[in-house]
Amino acid sequence: MTKLKHLDLNQKSFKGKSNKEYLFTKDLSIRRFIEFEKLQAHVGFGLDFNDIFNKLKTVHSELDKGKLAQPVIIVHNLMNGIALNLDNRVHPAIKLCALFFNTEDEDLGDYDEEAMNRKVDDWKEYATQDFFHIAVNLVNGFIPIYKEISQSILEAEKVKQNITDNIAEK
């Protein structure tokens with residue numbers, strides 16, 4: 001069994017299975033930035049994270065008011081967005097990383113879908129979670145919303161535990 005490699009996140013480069021070196025480039029050309037905008041919107045559920053968060057807040061608010069129609073439509077659309085984006089594709093997070101990790105001879109002013117796919121194919125011996133870690137740090141707004149959601153979940157778990165403890169005491 002072949003063991004997956006991990007990116008050293010403290011380094012600014014790594015080598016693919018072809019032995020090509022991929023260097024992290026923080027600047028994007030206009031063509032690559034256009035693709036970045038599309039990809040960051042798809043790293044989540046086919047929308048950017050602010051949109052998803054706001055849609056889920058709307059669902060919660062509407063359900064809290066006892067209204068069902070709008071939340072059903074919103075959740076259905078989110079689920080469709082996920083389903084449409086999962087079939088036979090390179091995950092957008094990995095494609096997003098391909099915009100930033102480049103070979104020394106790569107034309108940084110250009111965006112070529114086939115070249116990006118070849119690049120990702122050269123990375124197949126690496127664990128995906130490293131690329132996901134990099135991608136979520138590149139997606140604007142992901143980390144603050146993730147922290148907000150995590151805090152909300154922790155608070156809900158505390159309330160649930162308090163209720164369970166009170167029931168157990170009686």
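The values are calculated or read from the model by the stated rules, or taken from the named source; none is laboratory data. Remember, it's a predicted structure, so these values are computed and weren't measured experimentally. Quick reminder, even Gly has a Cβ in these numbers, built from the backbone with ideal geometry, and neighbours come from all protein chains shown.
So that you can scan it fast, the table gives a plain yes or no per residue for (1) in the same structural domain as ALA135 (by TED's automatic domain parsing); (2) at pLDDT below 85; (3) in contact with a strand residue (DSSP E or B) (Cβ under 7 Å, 6 or more places away or on another chain):
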position: THR25; (1), (2), (3): yes, no, yes
position: SER29; (1), (2), (3): yes, no, no
position: PHE33; (1), (2), (3): yes, no, no
position: VAL43; (1), (2), (3): yes, yes, no
position: LEU47; (1), (2), (3): yes, yes, no
position: ASN50; (1), (2), (3): yes, yes, no
position: PHE53; (1), (2), (3): yes, yes, no
position: SER61; (1), (2), (3): yes, no, no
position: LYS65; (1), (2), (3): yes, no, no
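Pairs meeting the criteria (first residue in region 1-26 and part of a loop (DSSP other than H, G, I, E, B), second residue among the basic types (Lys, Arg) and surrounded by 14 or more Cβ atoms within 10 Å (Cβ to Cβ), beta carbons under 8 Å, at least 6 apart or on different chains) are GLY16/LYS119.
Being in the same structural domain as ASN19 (by TED's automatic domain parsing) and either on the phi > 0 side of the Ramachandran plot or modelled with pLDDT of 75 or more (or both) is the requirement here; does LEU108 meet it? Yes: the conditions hold for LEU108. Considering only residues in region 1-23 that are at pLDDT 85 or above and of a type in the set (S, T, N, Q), the one that is surrounded by the fewest Cβ atoms within 10 Å (Cβ to Cβ) turns out to be ASN10.
One residue stands out in region 14-35 among those that are among the hydroxyl-bearing types (Ser, Thr, Tyr) and out of contact with any Phe, Trp or Tyr (no Cβ under 6 Å at 6 or more places or on another chain): the one that is farthest from LEU99 (Cα to Cα), namely SER18.
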